[in-house]
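The values are calculated or read from the model by the stated rules, or taken from the named source; none is laboratory data. From a predicted model like this one, the values you see are computed outputs, not experimental measurements. Reconstructed Cβ throughout: ideal geometry from the backbone, glycine too, with neighbour counts over all protein chains shown.
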Amino acid sequence: MSADVSTSKEKFQERYKAYKDVIESKLAEVCNKTEPVSLYEPMRYILDGGGKRIRPMLLVLSCEAAGGSGNDALDAAAAVEILHNFTLVHDDIMDNADTRRGRETIHKKWNRDTAILAGDGLLGFAYRLLLKTKSARIQDAAKAFTEAIIEVCEGQSWDKEFETRQSVSISEYIMMIDKKTSELLKCCAEIGALIGGGTDGEIEALKEYALNTGLAFQIQDDLLDIIADEKKFGKKIGGDLREGKKTYLLLRALETATDETDRVLLNSVIENKGVKNDGDIIRIKNVYEKYGVLEDASVKVEEYTYKANASLERINDSEAKEMLKWFSDMLLTRTT
């Protein structure tokens with residue numbers, strides 16, 4: 001690695017941390033009321049849960065890449081992060097999840113009713129922050145924000161439907177993660193570019209970048225669930241298999257497996273609504289390796305990341321454009 005590339009990466013990491021710190025401060029200021037305690041305490045708990053803050057960072061960088069100032073986009077950036085956390089709260093309720101980011105989920109720490117209300121409150125705060133943004137195109141931004149909520153709900157609905165279906169195709173899976181993951185990222189890119197005064201062409205290029213980054217991110221998530229280091233990953237490996245989720249890996253394996261014993265093992269994940277013991281997790285991982293599924297998933301992540309970065313060639317050169325390339329590459333090589 002050349003000294004220039006290394007210096008750029010260090011600079012981008014520093015900028016990422018600086019923006020992340022600003023976003024954290026904004027999130028901490030959102031719930032400045034204390035009563036009723038049953039509403040605001042769980043809301044603060046949600047927003048204190050940490051995370052990579054990928055969505056607000058994408059929004060700010062898209063604003064800069066379109067020629068604007070990142071500072072003008074900070075309220076909107078915090079808004080999309082709050083929206084993201086709203087979706088996680090409701091996802092956790094539907095999945096009956098015990099933990100999120102290493103902490104108890106809201107409905108486990110408090111109760112289901114509290115979690116629903118706290119999630120609804122977050123949605124209100126998200127809109128309040130978005131509408132504080134000073135932009136001549138705030139109406140367009142609000143429309144993109146609203147459409148993203150509908151798309152994410154559709155994605156979650158497809159995800160729940162797939163749980164009860166015996167067969168799901170890879171193209172259907174890609175459609176689902178497009179809605180559930182990529183649509184909110186596309187919303188971030190669009191809102192950021194709108195605030196930055198981007199042209200229609202720049203907005204579309206940045207949305208395409210976000211779409212492909214989202215697909216790469218989710219398939220990488222599927223991959224890490226089975227190959228990551230448990231200590232770094234922060235949760236037990238094979239969680240998707242334990243829950244019976246139809247991930248890219250499982251669907252690809254079902255497409256390619258020819259040995260009947262292997263197919264019976266893979267189908268047992270669906271039929272039994274999840275894997276019950278660690279031994280089967282290891283056996284399924286071996287089946288993935290046998291049919292090149294892990295390598296296939298890695299190649300897919302690289303392809304989507306390449307498409308994301310290629311779309312940036314349609315916008316003017318800038319430091320923000322280079323940082324977006326660094327950003328997608330960082331997500332490609334992440335281990336958590």
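Candidates in segment 21-59 are the residues that are under 18 Å from the mean Cα position of the chain (by Cα) and not in a helix (DSSP H, G or I); of these, the one that is surrounded by the most Cβ atoms within 10 Å (Cβ to Cβ) is Arg53.
Pairs linking a residue in segment 255-279 that is free of Cβ contacts under 8 Å to residues at least 12 places away in the same chain to a residue that is among the hydroxyl-bearing types (Ser, Thr, Tyr) and loosely packed, with under 11 Cβ neighbours inside 10 Å, with Cβ atoms under 8 Å and 6 or more positions apart or on different chains, do not occur. Please determine whether any residue of segment 141-154 is out of contact with any Leu (no Cβ under 7 Å at 6 or more places or on another chain), acidic (Asp, Glu), at pLDDT below 95 and within 26 Å of Ala297 (Cα to Cα). Taking every residue of segment 141-154 in turn, none turns out to be out of contact with any Leu (no Cβ under 7 Å at 6 or more places or on another chain), acidic (Asp, Glu), at pLDDT below 95 and within 26 Å of Ala297 (Cα to Cα).
Would you check if Asp98 is of a type outside the set (Phe, Trp, Tyr) and touching a residue at least 40 places away in the same chain (Cβ under 8 Å)?
So Asp98 does not fit the description; no.
Candidates in segment 222-274 are the residues that are under 21 Å from Asp91 (Cα atoms) and of a type in the set (Lys, Arg); of these, the one that is farthest from the chain's Cα centre (by Cα) is Lys273. Please tell me if Asp225 is in a helix (DSSP H, G or I), farther than 29 Å from Asn316 by Cα and at pLDDT below 95. Answer is yes for this residue.
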